[in-house]
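Each value in this text was obtained by applying a stated rule to the coordinates, not by laboratory testing. Since the structure is predicted, the reported quantities are computational estimates derived from the model, not experimental observations. FYI the Cβ positions are ideal-geometry reconstructions off the backbone, even for glycines, and counts take in every protein chain you see.
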Amino acid sequence: MGKTALITGITGQDGAYLAEYLIKKGYTVHGMKRRSSLFNTDRIDHLYQGPHEKERKLILHYGDLTDSMNITRIIQEVQPDEIYNLAAMSHVKVSFDTPEYTANADGIGTLRILESVRLLGLTEKTRVYQASTSELYGLVQEIPQKETTPFYPRSPYAVAKLYGYWITVNYREAYGMHASNGILFNHESPLRGETFVTRKITRAVSRIALSMQDKLFLGNLSAQRDWGHAKDYVRAMYLILQQDKPSDYVIATGITTTVRDFVKMSFAELGLEVAFSGEGVNEKGKIAGINEKLFIEKAGAEYLENAKMLVGKEVVAVDKAYFRPTEVELLIGDPTKSRTLLGWTPEYDLPALVKDMMRSDVKEVKKNALLQKEGYRILNYFE
Ligand code: NAP
Ligand code: F7E
């Protein structure tokens with residue numbers, strides 16, 4: 001008999017990759033999905049099985065982290081061997097607009113899961129993974145950040161996740177639960193939400209190169225992040241729950257890069273060179289050159305003439321609307337513990353991640369360009 005897992009946040013980036021990974025391993029995966037007026041299952045459509053299919057490997061349940069009774073009922077029905085609590089209001093900037101909701105879902109939501117497991121008498125059976133975050137380090141107290149680095153959260157999101165982190169530790173210590181935190185540094189992919197900075201960049205760069213957008217507006221270009229690929233990071237979540245003893249692990253690449261350099265790398269993927277000048281809100285990025293052969297290979301000859309006209313044009317500007325009231329300037333993780341104890345090493349480095357995201361976004365933008373030619377209105381959101 002394969003194991004049974006419950007994933008909260010299954011419609012999100014990590015939920016989708018983890019569901020696919022666990023199903024391949026022979027698990028039956030139950031996913032908690034919020035009711036919404038549209039399906040919102042794009043990321044897991046390839047895994048979906050209808051309710052009348054036999055021996056389903058993926059089963060969805062309506063649920064919400066803010067609803068205790070609903071969580072308890074789902075856990076009671078599913079009797080999971082493993083719970084991966086990935087659901088969250090996960091956008092740092094948005095958490096400043098919705099601080100109370102973020103505290104409820106991301107903080108108390110974690111408590112609801114743990115307490116349900118306890119009340120249902122499942123503490124021996126059910127292992128819990130909590131999606132903790134490098135945002136806990138916030139105003140960093142040590143470089144690089146490791147499991148013992150003190151936390152200093154800098155947003156309502158991070159403060160809510162701080163509660164989630166400590167309540168997980170507390171249930172482990174108080175009730176002997178196999179409950180662990182993965183302190184994951186930023187991880188991205190073609191499935192990343194469009195308003196996180198990496199995906200915002202790879203989408204916009206693809207659109208600019210293919211004449212669908214003029215300019216990309218960003219906030220703090222000097223912020224530094226330790227970016228990895230979500231496919232590698234869901235493997236770490238699984239490994240954490242396979243250990244005999246529960247514990248907390250930093251999952252990171254150990255390399256940090258500025259937002260500015262991520263922009264340069266994304267344009268370079270299509271043979272476009274960007275040069276930055278100016279400072280702060282006056283900083284601009286202009287196209288300084290084009291490698292025509294690479295552009296044709298990656299974007300297609302039909303877009304070359306327009307792309308050549310980009311040379312000398314300003315394609316990146318700063319809009320202070322994207323600044324945060326309190327910023328996390330630098331994150332870089334030390335993954336020694338996870339490498340040593342879990343045997344986890346990432347397969348993707350940053351260039352491979354950028355390549356994967358750009359390949360996917362260029363493909364999508366090309367599809368949209370065709371639809372636009374046929375008269376469909378293609379919306380772009382600059383959030
Ligand atoms: P994501 O793409 O934003 O997905 C979040 C998921 O949570 C979505 O399925 C969302 O549902 C669901 N959700 C939000 N509020 C909910 C609620 N009240 N009840 C039930 N479900 C709710 O996030 P992700 O990048 O996959 O991240 C997964 C988890 O890891 C999150 O907890 C995040 O905070 C944490 N984390 C992420 C990173 C990273 O770099 N990606 C790093 C460290 C930690 P809808 O689809 O309906 O919105
Ligand atoms: O910002 C800067 C921004 O929104 C990264 C979440 O998954 O990772 C994520 O949180 C950096 C910040 O991710 C724009 O100020 C500049 O310094 O992509 P982000 P995040 O805030 O690091 C952690 C680990 C999580 O746990 C979270 O759930 O980029 N930045 N200009 C911008 N950011 C955005 N979003 N948009 C901009 O225009």
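Relative to the longest principal axis of the Cα atoms of the chain, helix 350-373 runs at roughly 70 degrees. Between 0 and 90 degrees, the angle of helix 68-78 with respect to the longest Cα principal axis of the chain falls at about 80 degrees. Relative to the longest principal axis of the Cα atoms of the chain, the long axis of helix 109-119 makes an angle of roughly 20 degrees. Entry for region 147-269 at q = 0.10 Å⁻¹: log10 I(q)/I(0) = -0.42, Debye formula applied to identical alpha-carbon scatterers, no solvent contribution.
Across region 124-262, Cα pairs under 8 Å and at least six residues apart give a relative contact order of 28 percent.
In the structure displayed, which of Lys264/Lys284; Lys3/Lys245; Lys231/Lys366 lie more than 22 Å apart, Cα to Cα? Before the final figure, lay out each step's value.
Working: Lys264/Lys284 12 Å; Lys3/Lys245 18 Å; Lys231/Lys366 25 Å.
Listed pairs above 22 Å: Lys231/Lys366.
Spacing of the modelled spin labels on Lys25 and Gln79, each 7 Å from Cα toward Cβ, amounts to 2.1 nm. Net charge within 12 Å of Tyr165 by Cβ-Cβ distance, Lys/Arg positive one each and Asp/Glu negative one each, not counting Tyr165 itself? Every neighbour counted, the sum reads -2.
Where nothing but the Cβ of Lys and Arg (+1) and of Asp and Glu (-1) is charged, how large is the charge dipole of region 123-265 around its Cα centre, in debye to the nearest 20? Write out the running numbers ahead of the final one.
Details: 18 positive and 13 negative charges, 101 e Å.
Dipole about the Cα centre, nearest 20: 480 debye.
The ranking of Trp227, Trp344, Trp166 by Cβ neighbour count inside 10 Å, starting from the fewest, reads Trp166, Trp344, Trp227.
Taking other C-beta atoms within 10 Å as the exposure proxy, His52, His30 rank His52, His30 from fewest upward. With the helix formula -39500 (n - 2.57) applied to DSSP H stretches of n ≥ 4, the chain reaches a computed 222 nm mean residue ellipticity of -11000 deg cm²/dmol.
Taking a ≥ b ≥ c as the square roots of the eigenvalues of the Cα gyration tensor of region 234-376, is the shape rounded (a/c under 1.5), prolate (a/b larger than b/c) or oblate?
prolate
Applying 1/(1 + (r/R0)^6) with r as the Cβ-Cβ distance of Asp214 and Phe276 and R0 = 22 angstrom yields a FRET efficiency of 0.80. Neighbour counting of Cβ atoms within 10 Å sorts the residues Leu239, Leu371, fewest neighbours leading, into Leu371, Leu239.
What you get for the chain, charging only the Cβ of Lys and Arg (+1) and of Asp and Glu (-1), is a dipole of about 580 debye around the Cα centre. Projecting the Cα positions of Asn181, Ile201, Val140 onto the charge dipole of the chain (unit charges on Cβ atoms of Lys, Arg, Asp and Glu, taken about the Cα centre) puts Ile201 furthest along the positive direction. Of the residues Thr126, Thr326, Tyr48, the one whose Cα sits farthest toward the positive end of the charge dipole of the chain, with +1 on the Cβ of Lys and Arg and -1 on the Cβ of Asp and Glu, is Tyr48.
What the Cβ-Cβ distance of Glu147 and Tyr101 gives, at R0 = 30 Å and to the nearest 0.05, is a FRET efficiency of 0.55.
Farthest towards the positive end of the charge dipole of the chain, among the residues Ile287, Thr253, Asn306, is the Cα of Asn306, using unit charges on the Cβ of Lys, Arg, Asp and Glu.
Given an 8 Å cut-off on Cα distances and at least 6 residues of separation, report the relative contact order of the chain as a percent.
Values: 754 pairs, mean separation 62.3, N = 383.
Rounded, it is 16 percent for the chain.
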